[in-house]
Amino acid sequence: MPGWADLVHLTRRGIDYQNPQVLEFMHSFLRSRVFLVCLLFAFIPRLVPAQDVQMVPDKQDKDSATKAHTDRDEDADLDRPVTTLRANVNVVQLFFNVKDKKNGLIPNLPKENFEIFEDGKPQTIKYFAAESNLPLTLGILIDTSGSQETVLDMEKQVGGAFLSEILREKDMAFVMDFDVGVDLLQDFTGSVRRLKTALNSVKINTGGQVGSMPGMGGGPVPVSNPKGTLLYDAVYLASHDQMAQQVDRKAMILLTDGVDQGSQYKIKDAIEAAQKADTIVYVLLCADRGLYGFGGYGGGSEMKKMTAETGGRVIEVGNKMEKLKAAFDQISQELRSQYNIGYTPTNPTKDGGFRKIDIRSKEAYKIQARSGYYAIPEKQ
């Protein structure tokens, strides 16, 4: 095969294109070089490292990549553990407050200061935290029956200020009113503005207006009754249709005189619904005592039963704005000072029955907690 030295030698002598020897030499030279060039191009892709080859994605590729990334994030969220108060898992969790003899809050006690019993049997504490930063789900239930006419404006003003103070990032709340009907005025939202708008929209109603809350089975519950104050129905519906679907810390605050008139559900139904929804119930007794005559309003005992069973309490307000502000402040402090305790029940049976819980302080402090939970069977 002719080489570069032969070509240089011919070039120096001058190329005679009529000479058959020169022509044969040139043809051989070109054929050999074309062959080498072809080999070179054939092996280039193998010689270049894969990471040095870059592709610029088009819009469709970018959209596909974005969707895949989002799907991975959503899958990761599904894999993260969800903290819940519901007792249909192996660990039962409760939130509670610790108080001294003067009802002052006692914070930062260690796990060793507590014992927990279920149906009288000691349980092993699996989880304990001296404070809770879990998101708060809150329900504001406001009585708009005729008996609240002189205190309603006060409730709207102070209630709005309370929402501005208590709600933080990831917290949610809803607003419901009840009178001759039960109405959901604002569904769950973290927007204080929307909640205040709903709260400010409430009006006294003594007519026969029909409420719009859906009930069990997806059908309408007859939540309108000309008798007047469907308090128990409101608690039941708020627990069953609203709170039961939520997780983490849950509380309802009722602004009412505590008197129920005409509810289809009984107080035991309202309490059971709140317990099954793992919801603490607070009641602020608001009313103008002068309008009730001798003996005052008579709903206090029922409200004390409801709040004691669910881990809340009753606070007497009357028609004093200062007392209402103080009551909301106390609730705010309690919700932000809760202990969180969890245990695996020694009784694993999920038969739907009620399990009584007793949390005890070794230093004899007062424990404000729900009275128990329902061992609801897990959904298949």
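At most 11 other Cβ atoms within 10 Å and a DSSP loop assignment: could you name the GluC sites (Glu not before Pro) in segment 282-380 that fit?
Details: sites: E302, E309, E316, E322, E334, E363, E378; in loops: E363, E378.
Sparse-neighbourhood loop GluC sites (Glu not before Pro): E363, E378.
For segment 225-380, the relative contact order works out to 21 percent when only alpha carbon pairs closer than 8 Å and six or more residues apart are counted.
Let's test the formula: R0 of 30 Å, r as the Cβ-Cβ distance of I106 and R355. What FRET efficiency results, to the nearest 0.05?
On the way: r = 26 Å, r/R0 = 0.87.
Calculated transfer efficiency: 0.70.
Summary of packing: across the peptides 144-154, 115-125, the per-residue average of other C-beta atoms within 10 Å ranks them, highest first, as 144-154, 115-125. The value given for segment 268-380 is a Kirkwood hydrodynamic radius of 16.4 Å, derived from the mean inverse Cα-Cα separation. Each part reduced to its alpha carbon centroid, segment 109-132 and segment 136-174 end up 33 Å apart. Annotation: extensible slack from K362 through A129 equals 82.2 nm (criterion: 0.36 nm per residue apart, minus Cα-Cα distance). Rolling a 1.4 Å probe over the protein heavy atoms gives segment 224-375 an accessible area of 40 Å² per residue.
Rank by packing, highest mean first: peptides 339-345, 164-170, with packing defined as the count of other Cβ atoms within 10 Å averaged across residues.
Highest to lowest by the protection proxy: 339-345, 164-170.
Here segment 102-173 has 47 percent of its accessible surface on carbon and sulfur atoms, given a 1.4 Å probe and all protein chains in place.
For V91 and A161, what does the FRET efficiency come to when R0 = 35 Å and r is the distance between their Cβ atoms, rounded to the nearest 0.05? Show your work: numbers first, answer last.
Numbers: r = 37 Å, r/R0 = 1.05.
It comes to 0.45.
Once you've got the Cα coordinates, tell me which of K266/K320; K121/K350; K99/K325; K268/K325; K99/K350 are over 28 Å apart.
Working: K266/K320 30 Å; K121/K350 17 Å; K99/K325 21 Å; K268/K325 30 Å; K99/K350 32 Å.
In this structure, K266/K320; K268/K325; K99/K350 lie more than 28 Å apart at Cα.
Rolling a 1.4 angstrom probe over the protein heavy atoms, how many square angstrom per residue are accessible across segment 117-187? Write down the numbers at each step before the final one.
Numbers: 2880 Å² over 71 residues.
Value returned for segment 117-187: 40 Å² of accessible area per residue.
As an exercise, use a Förster radius of 25 Å and the Cβ-Cβ distance of V192 and N319 to find the FRET efficiency, rounded to the nearest 0.05. Please report the intermediate quantities before stating the final value.
Values: r = 26 Å, r/R0 = 1.02.
It comes to 0.45.
Shape class for segment 144-191: oblate, because the ratio a/c of the largest to smallest gyration tensor axis (alpha-carbon atoms, square roots of eigenvalues) is 1.5 or more and b/c is at least a/b.
Beyond 16 Å, what percent of the Cα pairs of segment 321-380 remain?
Details: 1120 of 1770 pairs.
Everything past 16 Å amounts to 63 percent.
Under 5 Å from the amide H of D171 lie the amide H atoms of L136, each residue being 5 or more positions distant or on a separate chain, with H modelled from the backbone and absent for Pro and chain starts.
The values are calculated or read from the model by the stated rules, or taken from the named source; none is laboratory data. What you see is a predicted model, and the numbers here were worked out from it, not measured in a lab. Note that we place each Cβ from the backbone using ideal geometry, even for glycine, and neighbour counts take in every protein chain shown. Side chains are part of the model used for accessible areas, which takes the heavy atoms of the whole protein and leaves out ligands, DNA and RNA. Shrake-Rupley method; radii C 1.70, N 1.55, O 1.52, S 1.80 Å.
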